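Below: the structure, in structure tokens.
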Amino acid sequence: MRVLLQIAILLFLSLLQVRQTPQEYQAKTDSLILKRPVAYASIDHVFGPYRNDTLVLNFLKLKSRRTNYPEGLCYSNAHLAQIYQKNGLFTKAHVSFMEALEASDQSENPEYKVNTLVKLAGLHEETDSLKTAIYFYQDALAITDSLETLSKNTLLNKQEAEIRLGDLFRLLQNPKTAIQYYNNALDSDFLIDGSEELPAIHLRIGQALKDQGKPEAALIAYRKSRAAAQSSNNSNLHNWSVLAMADLFVETDRLEEARELFTSLHKENEEEDDDLQLATLLLQSKLLAKRGALSETRELLSDGMALATRTDNRSAQAEINLMRSDLERKAGNFEAALNAYSRYHELQNDLQLPKFRAYLYNAIIPNNANARKSELQLLTELNELNEFRLKRNQNTFLITGLLFALLSLVLYIIYRQYQLRNERKVVSLEQTMLRSQMNPHFLFNTLNSIKHYIINNEQKNAVHYLNKFSKLVRRILEASSARETTLSEELETVELYMNIENIRFSYEIDFQIHMDEQVDPDHIRIPSLILQPFLENALWHGLSSKKGAKKIDLLVERDEDDKISIEIRDNGVGRAASQKMKESRVLKRKSLGIDITKERLQNFAKDYQNNFTIEINDLVDPAGNPEGTSVTLHIPTI
């Protein structure tokens, strides 16, 4: 009885919630659906006040889906995703963004797709998927470049994508590309005198020029930023521009000019902005340290550390510890300097700063290269003794030398024949491997999908799909000419392969790569194109016939000192069920990829005088039901 009462209360609350939907909003929704405007601004004019109302947005989403109104569906899903993102519900946000992206493909107006791609890129950027974020920003810019006229909303999204790409490439230590994107953002029609974005972009350009080692050009950009901030009455950006200029002067030992700049700061904003106040303290500390005022520098650093601790600014804490270390080293307090540097190094590792600073001081290694006269004398005596023996046993030595040379020649011929056989075998394996990577089944399905897009006049999808396919083919052809590749390049290739396969699976496959922090993928070499056959096996035999969620995880871990383990785990139907389905098929597909991979790994392990192992395990739940398959490769690295 109590359960029935709870159900009744829940039903009543649900009905009450539905009835609480504003009648005015329902009328606006019905009117919008009837008119079916295509322009983003037309929808936003009506529903702009409801951007943060999930009830209203869900109602618009439901009505748009029922009436097949893609613009309304895209608008509601995109704003719902932004609400989820603000509340930390990143998975729900991603799902809503993908629904918006799918709806934008059905719209005649490309500004919906541009808007969704930019916001989706922002989500990936917030979750540290920087590479994916860059791809989405660049896809958005590719669309805007193809348009003759741009709406206000599209121009704003274009500007946001260019600025964010500049920030990302600067983070990835590519200031040259960052400056190109910043300059593109400067060309926007919105960046007129008095614009709030103008000083911020000039400030970013100055920072990138400074990263390039061009202080004079950076100073010009900082001055432009200060002038633009004054024109727009933006005292906050004015202060940041002044601090950037002062920092540049301190680094180039123009200390008097740096001191004069501090007098132009707007103090009222400095007190309100903790970050600005902290930056000012740090810069003043650098200036005093350059002047040799060590005690005053310590006081300012203590004040800065207190403020950084109170605001939980770990980046500033790391910078202060580095400055303390340098300060104590100059004062001769080497133990305190070492402790401060150790704390800086801990904070730096936690923050994963993009750029490592130079070590505090160079270790002086005394060069004590003493001559060992006794050893030289011994070598001279041995040489004289050998000459005596050679003269006495000249005939014996000659015969022995000839026999040794003959034996060496025979052994070399045998070894060379063995080496040639191995090389021919490796070449044969590489050719077979290339054919397995470019198997007709994969090529046919890919080209058939492109043909489908072309027939349906979906040019953008066709071009997007064709670009990914051409990149993969180029990667496979390049990798097939090299026996080895870095782990990072191999992971990029399989990620591209999975992206293409995922398009054919209608984005149903959740493919994730998990990298152990102890593994450096740029310095580990493995056989090229070694992982794709296992991923293809998981797709073809494990997931193709599975219903529901489809997931593949690729885990890279440090196995032992001389090995790494790469595990490919899927939640497919399992090997037993897959074998039954295979036997029931009329057309049976012959797969040689795994056998070829084992032979290639065996040859690769010989070069390291080591061995490899492959483990294949069936995954089951507590009840014993199959949950997928796990394939683990233990590959030598030494």
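The values are calculated or read from the model by the stated rules, or taken from the named source; none is laboratory data. None of the values given here were measured: they were computed from a predicted structure. In this analysis, Cβ positions are derived from the backbone assuming ideal geometry, glycine residues included, and neighbour counts consider all displayed protein chains. Please note that ligands, DNA and RNA were not included when accessible areas were found on the heavy atoms of the full protein model with its side chains. Shrake-Rupley method; radii C 1.70, N 1.55, O 1.52, S 1.80 Å.
Accessible area per residue for segment 61-197 in Å², computed with a 1.4 Å probe and the full protein assembly in place, what is it? Intermediate values should be presented prior to the final figure.
Working: 6440 Å² over 137 residues.
Here the residues of segment 61-197 average 47 Å² of exposed surface.
Can you tell me which of 115-123, 339-347 comes out highest on packing, and rank the rest after it, using the mean Cβ neighbours within 10 Å?
Going from most to least packed, we get 115-123, 339-347.
Do any of Lys119/Lys460; Lys61/Lys119; Lys468/Lys547 go past 21 Å between their Cα atoms, and which?
Pairs exceeding the cut-off: Lys468/Lys547.
Please list the non-local residues whose amide H lies under 5 Å from the amide H of Ile564, H modeled 1.01 Å from N, same-chain partners needing a gap of 5 or more.
Asp559, Ile635, Thr637
Would you mind checking which residues have amide H under 5 Å from Leu619's amide H? H placed 1.01 Å from N; only 5 or more apart, or other chain.
The answer is Glu627, Gly628, Thr629, Ser630.
Give me a comma-separated list of calculated 3J(HN,Hα) values for segment 617-630, in order, Karplus coefficients 6.51, -1.76, 1.60 applied at θ = phi - 60°, integers in Hz, x for any Gly or Pro.
Here the 3J(HN,Hα) series is 10, 8, 8, 10, 8, x, 8, x, 7, x, 10, x, 9, 10 Hz.
Looking at segment 506-578, which chymotrypsin sites (Phe, Trp or Tyr not before Pro) are DSSP coil and have at most 14 other C-beta atoms within 10 Å of their C-beta?
Tyr507
Which whole-number percent is the relative contact order of segment 42-128 (Cα, under 8 Å, 6+ apart)?
Relative CO of segment 42-128 lands at 24 percent.
In whole percent, what relative contact order does segment 92-148 give with Cα contacts below 8 Å and a gap of six or more residues?
Once normalised by length, the contact order is 31 percent.
Taking every eigenvalue of the Cα gyration tensor of segment 111-266, multiplying by 5 and rooting it, what semi-axes result, largest first, whole Å?
In descending order, the three semi-axes are 31, 18, 12 Å.
Using the Karplus curve 6.51 cos²θ - 1.76 cosθ + 1.60 with θ = phi - 60°, work out ³J(HN,Hα) for each residue of segment 61-68 in order, rounded to whole Hz, and write x for Gly and Pro.
4, 5, 5, 5, 5, 5, 9, 6
Place a point 7 Å from Cα of Asn467 in the direction of its Cβ. Which residues in segment 493-513 have their backbone N less than 16 Å from it?
What the label zone holds, given the 16 Å backbone N cut-off, is 496-497, 499-500, 503.
Which GluC sites (Glu not before Pro) in segment 81-139 sit in a loop by DSSP (not H, G, I, E or B) and have at most 10 other Cβ atoms within 10 Å of their own Cβ?
For GluC sites (Glu not before Pro) across segment 81-139 that sit outside H, G, I, E and B with at most 10 neighbouring Cβ atoms in 10 Å, the list reads Glu108.
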